[in-house]
Every structure is written in structure tokens, then in C-alpha cells.
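These notes concern the structure reproduced below.
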């Protein structure tokens, strides 16, 4: 068992030495600067405009989205509370949205 460990350590050391030599040879050839420049250009020309187009798309879709409260159906397998939540009044989840999340008895009534 000890011999297997020594052989694996020797192989690991030799592979790390070869990798270091290859990396140092590549860096000295100037390839790294060209690759970094290429990725920098791609980031500014492709990635940032792509993110901007996606943000514009979602903004325009949200302008046409209708925010209606879904109909409450009292299914017996949904909204089961075996114990109270440790915050607030104990019946609402941590990220409760009064307009979209129903309580076990139904939606909260809002008098506006």
C-alpha cells in the first residue's frame, strides 16, 4: 500500500512540473495578453448588450402583464399548517405577499 502511495505522489509531482512548464511557456509567448484582450472585447461587445436587451425585454413584458389575484380554491392538501411560523402572527410565511399568497382560509381582504 505504501508503494502505491509513493508511486502516485511521484506521478502527481511529475505531472504538476510538466503543467507548470507548459503554462510558463504559454505565458512567455504573449498568448495570454491576446486572449485577455479578446475576452475583454467580447464582454463589452456581446455580453453587456445581451444583458441590456434581456432587461429591456423583461421590462416591456411586465408593462403588458396583468396582475390579477388567482381564484382561491380550498384544496385540502395545500396550505397545511401543523405549527405556527415563528415570526409575525404565525400564519404567514416569511416572504408572504398579501395579493398573491393565500392563507389557509383564503386571501386577505383589502379595503381600499
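Coordinate-derived values only; no laboratory data. Fair warning: this is a prediction, and the values are worked out from it, not measured in the lab. Glycine also receives a Cβ, built like all others from the backbone with ideal geometry; neighbour counts cover every protein chain displayed.
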>> Run the numbers for residue 33 and residue 108: contour at 0.36 nm per residue of separation, minus the present Cα-Cα distance, in nm.
In response: 21.0 nm
> Using 0.36 nm per residue, how much length does the chain from residue 98 to residue 7 gain when fully extended, once their Cα-Cα distance is taken away?
Replying inline: 26.3 nm
>> 7 Å from Cα along Cα→Cβ at both residue 69 and residue 52: what's the point-to-point distance in nm?
In response: 4.1 nm
> Under a plain spin-label model, where a point goes 7 Å from the Cα along Cα-to-Cβ, how far apart in nm are residue 62 and residue 76?
Replying inline: 4.1 nm
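In which sequence would 67, 31, 96 go, from the one with the fewest C-beta neighbours within 10 Å to the one with the most? Could you put the intermediate results ahead of the total?
Numbers: 67 7, 31 11, 96 15.
Listing 67, 31, 96 from fewest to most nearby Cβ atoms yields 67, 31, 96.
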>> With the crude spin-label approximation of a point 7 Å out along Cα→Cβ, what separation in nm comes out for residue 87 versus residue 43?
In response: 3.5 nm
